[in-house]
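Let me begin by presenting the structure, written as structure tokens, before commenting on it.
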Amino acid sequence: MTSLSWKVGAAVAFAVGATDVVLSAYQGVTLSDLVVGTAVNAVTISAGLVVWASRPASRMGVLITVWGICGFLADTVGLLPDSRLGATVGLPLVLLPSAVYAHMVLAYPTGRLVDRVDRAAVGVIYAAALLWSLPLLVGSNPSGCTDCVPGVPSLLFIGQIGPLRTIGQGFSALFIMLGAAFVCLVVRRIRRASPGVRRTLWPLALAAVFGGAQFIARSAANLFGFASWQETLLWLDRASGVAVPIALAIGVLTTRRARGPVGNLVVELGNVEPGGVRDALARTLGDPTLELALWLPDRGTWVDERGREIAVTETPTRAVTLIGHELAAIVHDPDLADQQALLEAAGSAARLALENERLHAELRAQLDELRASRARIVRAGDDERRRLERDLHDGAQQRLLGVGLALQLVRARVPDGEAAELVAEAEQELREALRELRDLARGIHPAVLVDQGLGSAIKTLAKRSPIPVGVSADGERLPSHVETAAYFVVAEALANIAHHADAGHVDITVRRENGSAIVEIRDDGRGGADATGSGLQGLADRVRSLDGRFSVHSPPGSGTCVTAEIPCG
Amino acid sequence: MRVAIADDSVIVREGLARVLADRDVDVRGLAADAGQLLALVDAERPDVAIVDIRMPPTHTDEGLVAADLIRERFPDVGVLVLSQYTDAAYALRLLDGDEKGRGYLLKERITAVDELADALERIHAGECVIEPELIRALLANPARSDRLAALTPRERDVLALLAEGLTDRGIGERLWLSQSTVETHVRHILQKLDLPTGAAHNRRVHAVLTYLDR
């Protein structure tokens, strides 16, 4: 805010006050009326000018100034010495401040009416505020009417109009409805506002609801003729007039408090953790909904601070501010858009941190890709094993069986003797070959795992183990990639135990916990297993490829416990 | 004896048909999948249907499914499932419900036609036949040895044959024992293993296999 704008504001306030004092001297207006009226108008106009000067992008300043001028004109014209000109100009001005007031409240804080309903309502309010005085200016009630509106000595006066009173009542009813509509629109704005906006909006909204309510009450008093209320209502009107600048001040102050200075941002960014720049910016700019998008030139996409791809588009409810050249973008509450200077300052302060953040996001995106490709490779390997197992079964095994069957036919046709013995030998060899083939196929991919599930497959493994194995597993089926990984964990662990552990007993448990399959293989052997050995390392890789966890607990002398936790999602 | 053969491999089903025909077994027809087999059984009513466990379309356990359907629709037809798996879980699935006239053998048994013919005879006679290698694997399991420690060596021999599905008489013939001696052994074994005696005689193979697989 420049000191000039303060000075202009103060000067205008003084001028307005002085004019009112001079004019009221003519009219013998009471001191209290004078002080209140003058204060309201003077304060409003200067506040408007100050806002106008300090935030030229916002139309708020214009609206506040216009509102104050209208109020001043309406009051001042009323103070002019009785004249037909004064009445003709003054009467239409009486309600104009109320209309500008409604316009201003609904347009806060940008000064623009975004919503179509708001725009239509403001249009109707202006029209009503200007038109209501027309019948009063052109005519008067028939003479002899006691509680009628007194005739106005206007330049436009034509003569007596019969239904003048009815027209006035109609306008009063319309004002009640418009007042109610205004209150509804204010409430609707508060309800729809983003948290950041709501914080700055509520003082004004409170004042506006109060203003709307007293306007409705005034119109109702006109309509039903509660003359005794007029004095009270006049005071309420003034109070609501004063409430607005106060509310605006509160709004500006809370906005200031919510938006910490950019200097704090610089300090904060010095200690920020990777991924924390968004939070720091959100705090500085006072917009908890703020999103940070980082541009990855290599991929030509926007990603968030975790490396996930996001869309950056401007919508009526979200504004976008670009930072640097192809570096980052802030997606924020459109309310912030009029604070371009703050946004730019915050953006430049965050630049270095954002470069850093982008590197992190890029790294994370690459890491995610790497993880996904690792999972794909493991799954492709599993699929390949399954195919190989089927090929062995459908190809080699069937042919060997065919040979065996042929040998049966041969033996039936060969007389006992050397030839028959040779055939029997061949048969024996063949059966060995078939058995080896069967074991090979099982090692590549056990069919029982697919057909009967993990529990059965582990039981079969346990039966083949030279060391007694206790198995505790329910029959629940798990996703096939989880079953395969768990199976190979158990198979490898059992092989390790048989070779190295010198164990007397093994316990295997498979259970499901929080959406993960947990496989635990615990032996009572000598412990001290090397978790970086190729076998265990391979298992760890396999489990981690599925975003699982793998651990080996093996204190020397107290057995080994291998645990794999594999998410089933 | 009349048999029907279902195997998706031409080499195996044609070869098996020839070998069996060589042994004067009446092969009534060949099928390449479970659907064809059911139609064949319906038309020919063989004594025993020989079924490969893996057949199209999924190549997993079609043979077991077909065995159940045959048992349901044609209770008089025995079923011999040929498998490459020594997992007890498959055999137990086959015996589920009723074990009479059902057999589970490793596929390579077809290269020992005497054993195959013997198994077919037993199934035709309403016995149950379980792959000896599967039983051997179960009994060799070290985790089981504690629980079987109470059995005498003789009783263990009897237990193995019992699990293979032999009748008391069949066991007696193999071990050169009188039927009443076998019966005594069997009663002792079942008592020691805490298995139900007597009543469920036609479920005893299932009970013993379940016990050994535990």
For this session: Return yes when A:Ala426 is modelled with pLDDT of 90 or more and either part of a helix (DSSP H, G or I) or not aromatic (Phe, Trp, Tyr) (or both) and no when it is not.
Result: yes
Seminar exercise, completed: Within region B:92-105, restricting to residues that are in a helix (DSSP H, G or I) and more than 11 Å from chain A (Cβ to nearest Cβ), the one that is farthest from A:Ala447 (Cα to Cα) is B:Leu95
Seminar exercise, completed: Just one listed residue, out of B:Leu161, B:Leu138, B:Leu190, is open to solvent by 10 Å² or more (accessible area, probe 1.4 Å) and either part of a loop (DSSP other than H, G, I, E, B) or in contact with a helix residue (DSSP H, G or I) (Cβ under 6 Å, 6 or more places away or on another chain) (or both), and it is B:Leu161
Exercise. Which residues, taken from region B:118-140, are among the basic types (Lys, Arg) and under 13 Å from the mean Cα position of the chain (by Cα)?
Worked result: B:Arg122
For this session: Return yes or no: is A:Arg379 open to solvent by 40 Å² or more (accessible area, probe 1.4 Å), among the charged types (D, E, K, R) and within 24 Å of the chain's Cα centre (by Cα)?
Result: no
Seminar exercise, completed: Counting only residues in region A:420-435 that are more than 8 Å from chain B (Cβ to nearest Cβ), touching a helix residue (DSSP H, G or I) at 6+ places or on another chain (Cβ under 9 Å) and free of Cβ contacts under 8 Å to residues at least 24 places away in the same chain, the one farthest from B:Pro132 (Cα to Cα) is identified as A:Ala420
Exercise. Just for region A:286-298: of the residues that are more than 16 Å from A:His325 (Cα to Cα) and of a type outside the set (Asp, Glu), which one is most open to solvent (accessible area, probe 1.4 Å)?
Worked result: A:Pro288
For this session: Just name the residue that is modelled with the lowest pLDDT out of those in region A:516-561 that are open to solvent by less than 40 Å² (accessible area, probe 1.4 Å) and in a loop (DSSP other than H, G, I, E, B).
Result: A:Gly533
Problem set entry | Which numbered condition B:Glu127 fails, given (1) open to solvent by less than 10 Å² (accessible area, probe 1.4 Å); (2) at negative phi; (3) touching a residue at least 12 places away in the same chain (Cβ under 8 Å) | (1)
For this session: Kindly indicate which of A:Val124, A:Val105 is surrounded by fewer than 20 Cβ atoms within 10 Å (Cβ to Cβ), at pLDDT 80 or above, β-branched (Val, Ile, Thr) and within 50 Å of the chain's Cα centre (by Cα).
Result: A:Val124
For this session: Would you check if B:Leu82 is in a strand (DSSP E or B), within 14 Å of chain A (Cβ to nearest Cβ) and either open to solvent by 50 Å² or more (accessible area, probe 1.4 Å) or of a type in the set (Lys, Arg) (or both)?
Result: no
For this session: Specify which of the listed residues (A:Gly475, A:Gly453) is closer than 26 Å to A:Asp547 by Cβ, open to solvent by less than 30 Å² (accessible area, probe 1.4 Å) and at pLDDT below 90.
Result: A:Gly453
Exercise. Can you name every residue in region A:442-472 that is over 19 Å from A:Ala503 (Cβ atoms) and more than 7 Å from every other protein chain (Cβ to nearest Cβ)?
Worked result: A:Arg442, A:Gly443, A:Ile444, A:His445, A:Pro446, A:Leu449, A:Gly453, A:Leu454, A:Gly455, A:Ala457
For this session: Would you please name the residue that is nearest to the chain's Cα centre (by Cα), looking only at residues in region B:141-158 that are surrounded by fewer than 16 Cβ atoms within 10 Å (Cβ to Cβ) and more than 10 Å from chain A (Cβ to nearest Cβ)?
Result: B:Arg156
Exercise. Which residues, counting only those in region A:396-412, are open to solvent by 40 Å² or more (accessible area, probe 1.4 Å) and within 9 Å of chain B (Cβ to nearest Cβ)?
Worked result: A:Arg399, A:Leu400, A:Val403, A:Ala406, A:Arg411, A:Ala412
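Table: residues versus (1) open to solvent by 30 Å² or more (accessible area, probe 1.4 Å); (2) touching a Ser or Thr at 6+ places or on another chain (Cβ under 9 Å).
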{"site": "A:Asp304", "(1), (2)": "no, no"}
{"site": "A:Ala311", "(1), (2)": "yes, no"}
{"site": "A:Thr317", "(1), (2)": "yes, yes"}
{"site": "A:Glu344", "(1), (2)": "yes, yes"}
{"site": "A:Ser348", "(1), (2)": "yes, no"}
{"site": "A:Arg351", "(1), (2)": "yes, no"}
Seminar exercise, completed: Of the residues in region B:12-42, those that are within 14 Å of chain A (Cβ to nearest Cβ) and farther than 20 Å from B:Arg54 by Cβ come to B:Arg18, B:Val19, B:Leu20, B:Ala21, B:Asp22, B:Arg23, B:Asp24, B:Val25, B:Val27
Problem set entry | All positions within region A:272-285 that are over 11 Å from A:His360 (Cα atoms), open to solvent by 60 Å² or more (accessible area, probe 1.4 Å) and in contact (Cβ under 8 Å) with a residue 12 or more places away in the chain | A:Arg283
Seminar exercise, completed: When restricted to A:Gly527, A:Gly533, the only residue farther than 29 Å from B:Thr58 by Cβ and touching a Pro at 6+ places or on another chain (Cβ under 8 Å) is A:Gly527
Seminar exercise, completed: Within region B:24-56, residues free of Cβ contacts under 8 Å to residues at least 24 places away in the same chain and over 16 Å from B:Arg13 (Cβ atoms) come out as B:Asp24, B:Ala43
Seminar exercise, completed: Inside region B:51-69, the number of residues satisfying the requirement of being more than 13 Å from B:Asp33 (Cα to Cα) and touching a Gly at 6+ places or on another chain (Cβ under 9 Å) is 1
For this session: Give just the number: which of (1) within 13 Å of chain A (Cβ to nearest Cβ); (2) buried (at least 19 other Cβ atoms within 10 Å of the Cβ); (3) over 14 Å from the mean Cα position of the chain (by Cα); (4) not in a loop (DSSP other than H, G, I, E, B) does B:Val65 not satisfy?
Result: (2)
For this session: Among the residues of region A:85-99, write down those that are β-branched (Val, Ile, Thr) and assigned to a helix (DSSP H, G or I).
Result: A:Thr88, A:Val89
For this session: Could you grab me the full set of residues in region B:13-54 that are in a loop (DSSP other than H, G, I, E, B) and open to solvent by 40 Å² or more (accessible area, probe 1.4 Å)?
Result: B:Arg23, B:Asp24, B:Asp33, B:Arg45
Exercise. Got a sec? Which of B:Glu115, B:Glu14, B:Glu72 is under 29 Å from A:Ala441 (Cα atoms) and within 18 Å of the chain's Cα centre (by Cα)?
Worked result: B:Glu115
Problem set entry | Verdict on A:Ala564 being outside any helix (DSSP H, G or I) and closer than 22 Å to A:Gly443 by Cα | yes
Exercise. Which condition does A:Leu494 not pass, out of (1) assigned to a helix (DSSP H, G or I); (2) within 10 Å of chain B (Cβ to nearest Cβ); (3) open to solvent by less than 60 Å² (accessible area, probe 1.4 Å), if it passes all the others?
Worked result: (2)
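The values are calculated or read from the model by the stated rules, or taken from the named source; none is laboratory data. Computed from a predicted structure; not experimentally measured. Cβ atoms come from the backbone with ideal geometry, glycine included; neighbour counts cover every protein chain shown. With ligands, DNA and RNA removed, areas are computed over all heavy atoms of the protein, side chains included. Shrake-Rupley method; radii C 1.70, N 1.55, O 1.52, S 1.80 Å.
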